[in-house]
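The values are calculated or read from the model by the stated rules, or taken from the named source; none is laboratory data. Predicted model only: the values in this text are computed from it and were never measured. So basically every Cβ, Gly included, is an ideal-geometry build from the backbone, and we count neighbours across all protein chains shown. Remember, those area values only see protein heavy atoms, side chains included, never the ligands or the DNA or RNA. Shrake-Rupley method; radii C 1.70, N 1.55, O 1.52, S 1.80 Å.
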Amino acid sequence: MKFFISTICLLAALVAAAQTAGHSGPWELEVSGSTAGLRGIHAVGGGVAWASGTDGTILRSEDGGYEWQQCATPPEASKLDFRAIWAWDERTALVLSSGPGLLSRLYQTTDGCASWKLLFTNPDAANGSKFPGFWDGLLFLDRENGIIYGDPSINSARIPDVRIPLEIGSFIFRLRVTPDGGSTWIPVTDPERPSPGKNLQPLPGESLFAASNSAMAGSEGWIWLGTSKARVLRIRQRSFHPGGCAGQSDMYSGTCGLPWTDWQSAQTPLASGNDSSGVFSLAFRDQQHGIAVGGDYRKPEEATGTAAYTSDGGDHWSVPRKLPHGYRSAVAWDARNKAWIAVGSNGSDISYDDGKTWQWLDSGNWNALSLPWAVGPHGQIGKLGTLPAKPAAAAEVSR
């Protein structure tokens, strides 16, 4: 009997070990069963997590990452790059693809990814435009109110039998909001005269990044948006329900849009000046304390200009005394450990003092975060385990 029990225990240990692929620092590497480049990850809680990436890949786990299921996707989505995913439970999720024009799409499942419904396609179709629509990410503030955010676009082409979006003639960052969980998508407009850098109007050459579905953040009534010019825009959260409509209406939502015209802009000390650098990710742990990370993804080992912190809601941004160890594409607040985690293509770092100093964690290759999970290229998924001890000099995070 003792030999039998020992054999059972040994087999159980071997099976458990087979479900992981080792460690990278504090990250326990999971067996995802995929080789896709993963940039979408959303930890729902209760052991449920969803991930997404290239070639129409969508993964789901219901058991804390012990097993990852490869989801079925529509045939027309097999080549899409799903860079954002947002889920509510083990059955309900939305997934967003990034790409020029019609390659930016939003799908929903309500049956645990057995089937998917196309909810919305980018109305700024390419059609030869110099600035076609390109969606960068998806953010939900609660189950009903969500935002799709994308690069500046303008497309004045008039195509027979094609519905024209309300904001077609305005060269602004593209935002569409939903007040009903994703059924209706209403355009955010800027009716003011052209003035680069004001409200949602970009500076010359300015865009957003779709590296980790975290260029936009929301907390306690505020919304923040990071750009390639190392700016952070912010606005107080508004109602996502449009009022009465007496003018031109949007043919996709049947509304006159939402004129959000009091965006504030702040410059961060992050790297900028080319199309490969800027603010890649934003996160706030409350209304005042936030972190911006980025750098230059073509220079992953360069630490200069990779992080900044704010303690006044994004009005001012400061350079850390000790920076992360290179370009970082995602940052998240770890409430359990009262620490910030940042990841990028040359590893990850941790800050115990609200971003003032950063400590190296590992040298893995990561794209995105939704703690305790991180994802990266070649189907890599990591689960955060035991963290290193807090440095003696690290100040306690204030509340």
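Determine, for each peptide in 278-284, 196-202, the mean count of other beta carbons within 10 angstrom over its residues, then list the peptides with the highest first. Intermediate results must be reported in sequence, preceding the final value.
Values: 278-284: 26.1, 196-202: 17.7.
Packing proxy ranking, top to bottom: 278-284, 196-202.
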>> From zero outward in steps of 5 Å, how is the percent of C-alpha pairs of the stretch 223-274 spread across the bins?
In response: 4, 17, 19, 15, 14, 13, 10, 7, 2
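Can you tell me the order of 139-151, 291-303 when each peptide is scored by its average per-residue count of other Cβ atoms within 10 angstrom, highest first? All intermediate terms of the calculation are to be shown ahead of the outcome.
Details: 139-151: 18.7, 291-303: 22.3.
Highest mean packing first, the order is 291-303, 139-151.
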>> Shape verdict for the stretch 265-356, please, from the Cα gyration tensor: rounded (a/c under 1.5), prolate (a/b greater than b/c) or oblate.
In response: oblate
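What shape does the stretch 259-305 take by its C-alpha gyration tensor, where a ≥ b ≥ c are the square roots of the eigenvalues and a/c under 1.5 counts as rounded, a/b above b/c as prolate, and the rest as oblate?
oblate
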> What value, in deg cm²/dmol to 500, does the helix sum -39500 (n - 2.57) over DSSP H runs of n ≥ 4 give at 222 nm once divided by the residues of the chain?
Replying inline: -1500 deg cm²/dmol
>> Treating the stretch 173-249 as a set of equal point scatterers at the Cα positions, no solvent, please give the Debye-formula log₁₀ I(q)/I(0) at q = 0.14, 0.23, 0.24 Å⁻¹.
In response: -0.55, -1.33, -1.38
> Using just the C-alpha positions of the chain as equal point scatterers, what log10 of I(q)/I(0) does the Debye formula give at each q in 0.12 1/Å?
Replying inline: -0.91
>> Just to make sure I understand: if all protein chains stay in place, what is the order of SER104, SER78 by accessible area at 1.4 Å, largest first?
In response: SER78, SER104
> Among HIS42, HIS325, HIS23, whose mean-square fluctuation peaks in a Gaussian network model of the chain (Cα, cutoff 10 Å)?
Replying inline: HIS23
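Considering only protein heavy atoms and a 1.4 Å probe, what is the carbon-and-sulfur percentage of the accessible area of the chain? Walk me through the numbers on the way to the answer.
Numbers: 8860 of 16670 Å².
Percent of accessible area from carbon and sulfur atoms in the chain: 53.
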>> Excluding same-chain pairs closer than 8 in sequence, count the lysine pairs in the chain whose Cα atoms lie under 27 Å apart.
In response: 20
> On a 0 to 90 degree scale, rounded to 10, what angle separates helix 2-18 from the longest Cα axis of the chain?
Replying inline: 30
